[in-house]
Structures are given as C-alpha cells and as structure tokens.
Amino acid sequence: MVAKNVSSLPGPPEEVLIIYGGQPLRGTVRVSGAKNAALPLMAASILFDKPFVVHNVPDLGDVKTMMELLRVLGIRAEKNNTILTLVPGNNGAAEAPYELVKKMRASILVLGPLTARRGTAVVALPGGCSIGTRPVDLHIKGLQALGATISLEKGNIIARARRLKGAHIVLDFATVTGTENLVMAAVLAEGETVIENAAREPEVVELCEFLRACGAIIEGIGTDILHIKGVNTLSPPSEWHLMPDRIEAGTLLVAGALAGEPLRVEGLVPEHLSAVLDKLRTAGVELELGDKTITVWRSSQPRPASIKTAPYPGFPTDMQAQFAVLLSLADGESIIHETIFENRFQYVPELVRMGAQIDVEGTTAFIKGVKRLTGAPVTATDLRASASLVLAGLVAEGESVIYEVGHLDRGYEKLENKLQSVGARIERKIKSE
Ligand code: UD1
C-alpha cells in the first residue's frame, strides 16, 4: 500500500513523491521538449523586436523562471500548454536580479544578448562564484574579447558596449551556456567572430539553427569551430518547434532498463543519445531503434560498465546519476568518472541508504553491484540527483519517499504522471494533507 500519511516523516519540504517500487513498466511514454534548448531560445528573444511562438516548450520550473526573468527585461512571455509566445519589447530593465539568478544559473544566458542588443547588461553573479573563476569566467572573457567592458559591482556582472566587434575566441573549455551566450552576442556584433572549441551539444545546434532562421550568418554549426558574421538586425520566424529533451529521454530509457519489460520511449532523436545507448548496450540492455522511438528491455541482470562523462558527443554528465542506479544492480563492479562538474555525486549517500554500494574518491565513483535496492526516505539534492532517486525508488523493494522534489520539477515535466501511465506506483503528496 502506498503511504497516505507522510506528515510524521522527517524533512521540511511541502511536497514529496511516494513510490512503491518493483512494478513493471509497460507501454509507451512520450518525451517533452528540451529544457536546455528552451532556455537559450527564450533568451534570444532579447535580440529582436518581433513576436514569435515556440512549440513543444515543457512545463518546468526553469522555464517559468526564465519567463519571469524575460518579463523583468520587458519581454511579454505567455505560455499556453506547450505553446510559448514571446513578445519582445525594449522598455524593461537590463538587469537580471539575484532572486532569479540564484534560482537558476542559466539566467546567465541573458548576459550576451542584453549586451549585444541594449549595450548594457547587469546580471547577478550566480551564488558562490566570483569573477575570474568558475563558472562564468569564460562567458566574461569572451564578451571582453568582443569589446565589452565588464565590471563587478555589488555582486553583479556589469557589461557595457556601444557595439560589439567580431573577435577570435578560443574557449578553454567547451562550455555549453558560454558558447550560447557568445553566439547570441556575436550575431549582432560588427564583423566576423570565430569561436574555437565551441560546445557541440544538440541544444547549441538548435540555438544556432534558430538564429540562422532569424537571419544570422553562422557557419560550422555542430562542429567545434563556429564562424559568425554579424548583422544589424534579426527577425524571428513566426513559429519554431523545439527539439525533444535528450536527458529526459535517457532517463526514461534507464527507467525501462531497470524495470525490464519492454518500454517504448517516443518522440526522441536517437542520434542525440549515441553515447547513452552505447552504455546501455554495455550494461546488457536490449534496444530497438525506430525513427523517433526506442524500445528498451532487459532479460538478465545488468552488466557492469565504465563511464566517463565528457562534452557532447561524449557521455553526458546529466545522465551519470541515473546510470549509477542501473549499475548498482549490475553483476560486478562499475566505475563512473565525472570530468565536467566536481560536485556531482551528492546523490550517492542517498542511494547508499537504499542499499547501493558506492564509494566516491574525488571525482570517481566505484560501484559494487548488489542484488536489490530497498525503499527508504531520501532527499534530492539537485536536478539529476532527484531523477536518480526516482529511478531507484521505481526498482527498490517497498516504499520510498523522496523529499525536495522541487529539484525534479525544475527539469522534468510531470515525470510522475508519465511513469504512472506506464504502470509505476508513484504519487505526489502535499505534506500538510
Ligand atoms: C549546461 C547544461 C547542464 C549540463 C552542462 C554540461 C544548460 C542550461 N545547462 O550547463 O545541464 O550539465 O551544460 O553538459 O544548458 N566552466 C568554467 N567557466 C565558465 C563556464 C564553465 O570553468 O565560464 C566550467 C564549469 O564549471 C564546468 C564546465 O566548464 O566544469 C562545463 O560547464 P558548462 O558547459 O558551462 O555548463 P553549463 O553551460 O552551465
């Protein structure tokens, strides 16, 4: 029986997810639009005067935060189901306030377009970061190369430029939002910009293709060298369809792999998932690929695997926590080496509470496969950690209660409804109920 009364359980959050594990997942589940493609596209609205409509926009905390931020910047943002209408305007502030930036680091995406279009941008520094160090130094250096003057005042990055000028930028690291910020700045700069070691993630490609549909001149899309010729004005297409979320797709595939029965995940782009599919195959998971669908199932205990995260087309850091659950049930020892973010194993102590055997040394997790996980109350620490706890709850024996589900809602659209529709016993409860 799924517990009805959670008020006696520890923890202050208002909402929890309750999962009764071990149910088979069968049927078809559809992937929503990509969060990490939606956010830069929304920030790009700063670059135009004309309204436009984006289809397939997921209903997520981060999308809501970006809508709030755009409103502060004078852009009307209205969402009706998955249809987002953006009506640009130049009458708002040129400032991204701390209250919003601290909710979502991707707020930094307005820095480039604001500087390029309005000549001035004030963006609060994401918490705990200082100029010159992670995680926005490359955004700042790139904008400086394009001729912006940058200062740091009262916790804000302040960028100013009469008109940005094309430059040759070599990124020290293929930063995703950094590349997006600089592309959005360079499309309106005077002259040509070259960005070397640009990120090649599908979401960067989507932004570049969108900007090209707006009249931007960008060559090398999908490679690590982007050539951009600045133009004076851009005008958006009246409509745009957003790509599917490859991380949500990957998460659902791991859910299917864990449950074992055939689960069809539809509305995805299989090529975006190559590295993830490779590791699923290594783990002994069966896959049948269609044009926009993948069916996943498993007939034996998962096999161990060795995973190293890397920029695209490597294995995504946003998928390693989910794989840790699958590999926790493998027949042997696995290794996950995290190379992008040093603090991405916060979910490990929670999985250990559910019976996983994982040791973390620095940026490497050593996983010893166990026969089963057991349900427990656990707390989500970040977005992808929360997804891994849901997956663990689905396969664990008995009941799990997941606290701090706000993290999940930032990046997964109605995940519990989608999982319920294919047979999971998962429900959301308000603590005061
Ligand atoms: C984006 C994704 C996030 C994903 C990450 C890596 C969005 C909104 N978010 O985040 O889901 O996990 O890519 O695939 O698209 N770095 C610096 N200086 C900088 C910028 C980055 O040192 O100026 C470092 C970061 O600390 C990190 C690495 O570069 O170690 C990669 O970060 P980056 O690609 O910038 O991640 P985000 O764009 O923030």
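The values are calculated or read from the model by the stated rules, or taken from the named source; none is laboratory data. Because the structure is predicted, anything quoted here is derived from the model rather than measured. Methodologically, a virtual Cβ is constructed for each residue, glycine included, from the backbone with ideal geometry; neighbour enumeration extends over all protein chains shown.
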In the list Ile358, Ile402, which residue meets the criterion of being more than 16 Å from the ligand (Cβ to nearest atom), part of a strand (DSSP E or B), touching a residue at least 60 places away in the same chain (Cβ under 8 Å) and farther than 27 Å from Thr175 by Cβ?
Ile402
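Of these, Pro302, Pro313, which one is touching a residue at least 60 places away in the same chain (Cβ under 8 Å), of a type outside the set (A, V, I, L, M), under 26 Å from Val31 (Cα atoms) and within 16 Å of the ligand (Cβ to nearest atom)?
Pro313
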Please enumerate the residues belonging to segment 366-380 that are in contact with an Asp or Glu (Cβ under 7 Å, 6 or more places away or on another chain) and more than 16 Å from Gln301 (Cβ to Cβ).
Phe366, Thr374, Gly375, Val378, Thr379, Ala380
Can you go through Ile247, Ile221, Ile225, Ile217 and tell me which one is at pLDDT 95 or above, within 30 Å of Ala324 (Cα to Cα) and of a type in the set (A, V, I, L, M, F, W, C)?
Ile247
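Name the residue, out of Ile157, Ile150, that is within 12 Å of the ligand (Cβ to nearest atom), of a type outside the set (Phe, Trp, Tyr) and assigned to a strand (DSSP E or B).
Ile157
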Pick from segment 92-111 the residues that are within 12 Å of the ligand (Cβ to nearest atom), out of contact with any strand residue (DSSP E or B) (no Cβ under 7 Å at 6 or more places or on another chain) and in a helix (DSSP H, G or I): which of them is nearest to Gln144 (Cα to Cα)?
Leu109
Of the residues Ile358, Ile402, which single one is of a type in the set (Val, Ile, Thr) and either in contact with a Phe, Trp or Tyr (Cβ under 7 Å, 6 or more places away or on another chain) or closer than 17 Å to Asn343 by Cβ (or both)?
Ile358
Filter segment 358-399 down to residues that are within 18 Å of Gly22 (Cβ to Cβ), in contact with a Gly (Cβ under 7 Å, 6 or more places away or on another chain) and of a type in the set (A, V, I, L, M), then give me how many there are.
5
Test Glu201 against the criterion of being within 21 Å of Ser45 (Cβ to Cβ) and acidic (Asp, Glu), and give yes or no.
yes
Going by the structure shown, is Gly178 buried (at least 16 other Cβ atoms within 10 Å of the Cβ) and either under 18 Å from Gly142 (Cα atoms) or among the hydrophobic types (A, V, I, L, M, F, W, C) (or both)?
yes
Per-region count, segment 174-193, residues over 17 Å from Val205 (Cα atoms) and near the ligand (Cβ under 8 Å from one of its atoms)
0
